[in-house]
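Step one of this worksheet: look at the structure below.
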Amino acid sequence: MLPSQILDYFDVVKVEEGATQIEISLDETYPESYKADENIESKGFMEPTTITDFPIRDHKLLLHVRRRRWLNRKDGVSFCRPLNLVAEGTC
């Protein structure tokens with residue numbers, strides 16, 4: 001149902017199906033490379049972004065995506081992990 005690539009970066013944390021829509025909540029993963037680096041710390045999640053995707057079996061599809069905010073303890077700079085989630089042949 002979801003592009004396989006999205007599951008490389010996000011965990012499905014909730015799925016709710018109603019009479020007319022399906023809502024899927026996704027949280028950005030905590031990659032192993034960041035867990036192994038003592039200088040990188042997760043500072044929680046940003047506010048979710050809601051994306052309206054293609055309908056599934058006549059149900060509106062809403063993706064609620066929460067990105068993590070990261071802190072580099074070495075220099076005190078906050079950042080977001082760069083993600084390339086544009087499917088080939090689109091935008």
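Structural remarks
- Summing charges over neighbours of Ile22, with a neighbour being any other residue whose Cβ is under 13 Å away from its Cβ, gives -2 when K and R count +1 and D and E count -1.
- If you take all other residues with their beta carbon under 15 Å from the beta carbon of Ser33, and give Lys and Arg +1 and Asp and Glu -1, the sum is -3.
- DSSP beta bridges in the stretch 4-79 [antiparallel fraction, %, rounded to 5]: 75
- Neighbourhood charge, 13 Å Cβ-Cβ cut-off, centred on Lys74 and excluding it, Lys, Arg +1 and Asp, Glu -1: -3
- Cubic angstrom per residue, convex hull over Cα atoms of the chain: 113
- Length gained on full extension, Ser4 to Ser33: 8.4 nm, using 0.36 nm per residue less the C-alpha separation.
Here, each number is a calculation from the coordinates, and none is a lab measurement. Just so we're clear, the structure is a prediction, and the values are computed from it rather than from any experiment. We place every Cβ from the backbone using ideal geometry, glycine too, and count neighbours over all the protein chains shown.
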